[in-house]
1. Rank ALA381, ALA348, PRO370 by how far each Cα sits towards the positive end of the charge dipole of segment 347-391 (+1 on Lys, Arg Cβ; -1 on Asp, Glu Cβ) and give me just the farthest.
2. Hey, fewest Cβ within 10 Å first, where do ASP368, ASP349 land in order?
3. Please turn the phi angles of segment 337-350 into ³J(HN,Hα) values with the Karplus equation 6.51 cos²θ - 1.76 cosθ + 1.60 (θ = phi - 60°), one per residue in order, whole Hz, x for glycine and proline.
4. Go through HIS266, GLY359, GLN404 and say which Cα lies farthest out towards the positive end of the charge dipole of segment 260-405; charges sit on Cβ, +1 for Lys and Arg, -1 for Asp and Glu.
5. State to the nearest 20 debye the size of the charge dipole of the chain about its Cα centre, where the only charges are +1 on K and R beta carbons and -1 on D and E beta carbons.
6. In nm, what is the difference between 0.36 nm times the number of residues separating ASP122 and ILE236 and their Cα-Cα distance?
7. Find the percent of Cα-Cα distances in segment 308-405 that exceed 23 Å, and round it to a whole number.
8. Give the Debye-formula value of log10 I(q)/I(0) at each listed q (0.18, 0.21 Å⁻¹), with one equal scatterer per alpha carbon of segment 75-158, two decimals each.
Amino acid sequence: MSAEHGVVIVGGGQAAAVATRTLRRRGYAAPITILGEEPHRPYQRPPLSKEFLVKGDDSALDLLAPAWTEAQGVTVRTGVRATRVDSASGAVDLADGTSVRADHVLLATGGRPRRFPGADGDRIRYLRTRADAETLRGDLAPGARLVVVGAGFIGAEVASSARALGAEVTVLEMAPAPLLGLLGPRLAETCVRRHTAAGVDLRCGVTVAGIQQAGEEVVVETSAGRFVADVVVIGIGIEPNDEIAAASGLVVGNGIHVDEHCRTSHPHVYAAGDVANQLHPLLEGRVRVEHFDNASKQAATAANNILGRTTVAADPHWFWSDQYDANLQYVGHASGSDDIVLRGSTEADSWTAFFLRDGVLRAAFAVDNPEDIMVARELVAGRRVVAPEVLADPDVDLFEMVEQA
Ligand SMILES: Cc1cc2nc3c(=O)[nH]c(=O)nc-3n(C[C@H](O)[C@H](O)[C@H](O)COP(=O)(O)OP(=O)(O)OC[C@H]3O[C@@H](n4cnc5c(N)ncnc54)[C@H](O)[C@@H]3O)c2cc1C
């Protein structure tokens, strides 16, 4: 591959934007081309289920200002689908039959909502894109009957925004409580309280058997009976857009396999964001993560490695969610933890839970306590052993404790 074609980034989302900024900020002078399938320039998704869904304010969505990309010689192509990377020539093939040459390729194709089988109709919706959010906002008038399938983060945020817009909301969750797998029964119960206090009809332990649109209504058949809605939002996870990698002969399996440098099985092709299934040093295994911070960190890692600055994506994973009036944050991976230590009471407005294994802090979850999560990020990254009574003691300044260490 010659050194003049530059970097081609497939996908125009969070990872694409961060990789572009990192490359230019660190002095990469060759061409950068972003190929995005959507009609929009790169934009961020978190507001789509929050303020953009409620207020329609798009001022915070754009990730790369046109004036900046123009000044930086970055080409942003929208409405363009890439289909394959030719590993011999370095060309990225497009669906229109043309191709773009590259020295390095970053695959940042994200994911698409997992579909509920047989659920078709213009009142049955998913939320992934700006267009999805714009359409959904039109449905959420006061008194509109909304059924949300799935009480994960997208489902919970849609329920929250819909309540803010005055809709009547029913949430159907298969598990006995929302976020049960992530938080465990005791903490998941706080999610039940949050939904219920906001006037949501939350039904847990419910299996959805079918979703059918009948005229202007949608009927949801479940193990707990039939629910009738004006609109249904399905939030049951995403599937990675890894077909381009498979078509290019790269190793895939629940996303595109990358090493700790975010490099795929081809030395000049990288992957980052929701589509990347990374070998993670902190976890001693692979993980595919669907959060904003991970997309940003992996993109920066890929960009640095393209620049020849050997960099590893090793931070603990972190994310936030805004639901009703609460800000939820989580860092790390609690799986396998054998102790949960509470700082504060779950009855209070703000509190933090620390997850430990063999005394080592593995993860933390906080409600309206972002400072605790900042400290926990350091402790989790450092695999620190912290005495439970120290974590639990509200008089101990955790920042100070980390500083001193
Ligand atoms: C509604 C919503 C709310 C969210 N809220 C939060 C939150 O509060 N906190 C948090 O941490 N995370 C949140 N997330 C997750 C976060 O937005 C994602 O983790 C992040 O967008 C991933 O970035 P990405 O670049 O990997 O993928 P994306 O942002 O999805 O970008 C991928 C882009 O690639 C395009 N593409 C796919 N295939 C091709 C192809 N073959 N050719 C060309 N283009 C292609 C897609 O159309 C898409 O535009 C939210 C996500 C959604 C949908």
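1. Checked the options; the winner is ALA381.
2. Working: ASP368 16, ASP349 11.
Final ranking by Cβ density, sparse to dense: ASP349, ASP368.
3. Couplings: 6, 10, 8, 10, 10, 9, 10, x, 9, 5, 7, 7, 6, 10 Hz.
4. HIS266
5. On the way: 38 positive and 53 negative charges, 198 e Å.
Roughly 960 debye for the chain.
6. Details: separation 114, 0.36 × 114 = 41.04 nm, distance 1.81 nm.
The ASP122-ILE236 span can extend by a further 39.2 nm.
7. Every Cα pair in segment 308-405 considered, those over 23 Å come to 22 percent.
8. -0.89, -1.03
No lab work stands behind these numbers, since they all come straight from the coordinates. Remember, it's a predicted structure, so these values are computed and weren't measured experimentally. Note: ideal-geometry Cβ built from the backbone for every residue, glycine included; neighbour counts use all protein chains shown.
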